[in-house]
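The values are calculated or read from the model by the stated rules, or taken from the named source; none is laboratory data. Note that the structure is a prediction, hence the values are computed from the model and not measured. All Cβ positions, glycine included, derive from the backbone under ideal geometry; neighbour counts span all protein chains shown. Note: areas computed on protein heavy atoms with side chains; ligands, DNA, RNA excluded. Shrake-Rupley method; radii C 1.70, N 1.55, O 1.52, S 1.80 Å.
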Amino acid sequence: FAKEAGLTVVKREKSQTATKDFTAELLAMKNAGAQILIFYGHQEATAVIQRQMRQLGSPFKFLGSPSSASRDALNLAKEAAEGIWAVVDFVPGQSEENRRYAEAFKKEYNEEYDSLSIWTYDGLKILANAINKAGENRDKIRQAILATQGYKGVQGTFSFTPNGDGLSEVSIVQIEKGQPKLLKIINIGTK
């Protein structure tokens, strides 16, 4: 979609999960004239890349996946995460459902929830609702999940498509003072 958006991909880099040094990849992107690094990966890698990018003088902007704005990644990256952008599924406190979940989680566990915990929470709630409607037949459960429309979850509103896509919005955030700040919610629609 880059070409359709008027963007030019100047360099693609791949790495292994256990990579601890991304300097060569970052320098290759810098030398190719990259203006923005779009990274999709896990918390540890995103934190390492952000720190190493800062060590190179921040030669480009950073747009990360949801893990880039997770509590673990932010704790690992510390000030290196400041100012980065991320595409996330939601922003804590973005909805009433999210605020209620945050309060209940804090009360139960005496700590703030990690954003990854809500995937399991919403998934189990949707599954439980489907089982309550359909019984224990796997095909009927699947059909009940796909028939779910307008379910207000912690992450957002779920309306499933025939292929199983449930959420159709993402949030763009920027990290400020170690926390994700909502910039924009984009409805990506479903097909």
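Name the residue that is surrounded by the most Cβ atoms within 10 Å (Cβ to Cβ), counting only residues in region 1-32 that are in a loop (DSSP other than H, G, I, E, B) and in contact with a Phe, Trp or Tyr (Cβ under 9 Å, 6 or more places away or on another chain).
Ser15
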Report every pair of residues separated by at least 6 positions or lying on different chains whose Cβ atoms are under 6 Å apart, first residue within region 174-191 and among the acidic types (Asp, Glu), second modelled with pLDDT under 90 and open to solvent by less than 70 Å² (accessible area, probe 1.4 Å).
none
If you scan region 80-103, which residues turn out to be surrounded by 12 or more Cβ atoms within 10 Å (Cβ to Cβ) and part of a helix (DSSP H, G or I)?
Ala80, Ala81, Glu97, Asn98, Arg99, Tyr101, Ala102
With criteria (1) hydrophobic (A, V, I, L, M, F, W, C); (2) more than 25 Å from Leu76 (Cα to Cα); (3) open to solvent by less than 70 Å² (accessible area, probe 1.4 Å); (4) out of contact with any helix residue (DSSP H, G or I) (no Cβ under 9 Å at 6 or more places or on another chain), Ile172 comes up short on (2)
Taking Asp114 as meeting all but one of (1) farther than 24 Å from Ser67 by Cα; (2) touching a helix residue (DSSP H, G or I) at 6+ places or on another chain (Cβ under 6 Å), write down the number of the exception.
(1)
How many of the residues in region 107-154 are among the charged types (D, E, K, R), within 23 Å of the chain's Cα centre (by Cα), closer than 20 Å to Asp165 by Cβ and open to solvent by 40 Å² or more (accessible area, probe 1.4 Å)?
2
Do you know which residues across region 34-52 are more than 14 Å from the chain's Cα centre (by Cα) and in a loop (DSSP other than H, G, I, E, B)?
Ala34, Gln35
If we scan region 53-65, do we find a residue that is crowded, with 18+ Cβ neighbours inside 10 Å and in a strand (DSSP E or B)?
yes
